[in-house]
Amino acid sequence: MKKLERLIGKSLREQGLKLALAESCTGGLLSSMITDVAGSSDYFLGSVVAYDNGVKQTELGVKATTLKKYGAVSKETVLEMARGVRKRLQADISAAITGIAGPGGGSHEKPVGLVFIAVSKGRTTEVQRFVFKGGRKSIKKQSAEAALSMLAEALGIKS
């Protein structure tokens, strides 16, 4: 996937856009992948790893009512995370990830591997729901790779 990270970086640089990330279940993996590209400081502002709901609220502006009604792993929460980090870091584009990497924490309604990813750019925020299979490391990796794909799509990168 290194190629995709480089293409995203090239596109951000060419378009003069700044990127911010909000991560929960991936614990900073997506940020690490983005910063593995030399020169990423040209377009990557930073990230908030918001594992705790309190951090989601204070640092990303996720509403307590959203967390109570829908839970941390939901379309509604990831939407607020993406918009919140974009506003907080004054970025042009952002991505956010929340999910259940396992092995515990899953339920019938929200199984291990359930992940929501959002990308916010311009006036739109796109959210996708995934259910990944595998162990914790695999689910984290698949989540970060899916976020890269969504970022590439939002930037108009043809794969």
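The values are calculated or read from the model by the stated rules, or taken from the named source; none is laboratory data. Bear in mind that the values here come from a model prediction, so they are computed numbers and not experimental data. No Cβ is skipped: glycine too gets one built from the backbone with ideal geometry, and neighbour counts run over all protein chains shown.
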Does any residue of the range 57-76 turn out to be closer than 17 Å to Leu12 by Cα and touching a Ser or Thr at 6+ places or on another chain (Cβ under 9 Å)?
no
Could you list, in sequence order, the residues of the range 2-50 that are more than 19 Å from Asp92 (Cα to Cα), surrounded by fewer than 16 Cβ atoms within 10 Å (Cβ to Cβ) and either of a type in the set (A, V, I, L, M, F, W, C) or out of contact with any helix residue (DSSP H, G or I) (no Cβ under 8 Å at 6 or more places or on another chain) (or both)?
Lys2, Lys3, Ser32, Ala38
State the number of residues belonging to the range 111-159 that are crowded, with 18+ Cβ neighbours inside 10 Å, among the polar types (S, T, N, Q) and more than 20 Å from Lys2 (Cα to Cα).
2
Of the residues in the range 23-47, those that are of a type in the set (S, T, N, Q) and more than 16 Å from Val119 (Cα to Cα) come to Ser32, Thr35, Ser40, Ser41
For residues that are assigned to a loop (DSSP other than H, G, I, E, B) and of a type in the set (D, E, K, R), tally how many sit in the range 8-37.
2
What pairs can you find where one residue is in the range 51-69 and surrounded by 14 or more Cβ atoms within 10 Å (Cβ to Cβ), the other is of a type in the set (Asp, Glu) and at pLDDT 95 or above, and their Cβ atoms are less than 6 Å apart, with a gap of 6+ or different chains?
Val62/Glu80; Thr66/Glu76; Thr66/Glu80
Take the residues in the range 44-78 that are among the polar types (S, T, N, Q) and outside any helix (DSSP H, G or I); name whichever of them is nearest to the chain's Cα centre (by Cα).
Ser47
Might you let me know whether the range 101-110 holds any residue that is aliphatic (A, V, I, L, M), more than 15 Å from Thr125 (Cα to Cα) and crowded, with 24+ Cβ neighbours inside 10 Å?
yes
Flag if Val62 is over 18 Å from Ser149 (Cβ atoms) and either among the hydrophobic types (A, V, I, L, M, F, W, C) or in contact with a helix residue (DSSP H, G or I) (Cβ under 6 Å, 6 or more places away or on another chain) (or both):
yes
Of the residues Lys18, Lys3, which single one is more than 21 Å from Lys137 (Cβ to Cβ) and at pLDDT below 95?
Lys3
Within the range 110-159, considering residues that are of a type in the set (Val, Ile, Thr) and either assigned to a helix (DSSP H, G or I) or without any contact (Cβ under 8 Å) to a residue 40 or more places away in the chain (or both), the one farthest from Leu30 (Cα to Cα):
Thr124
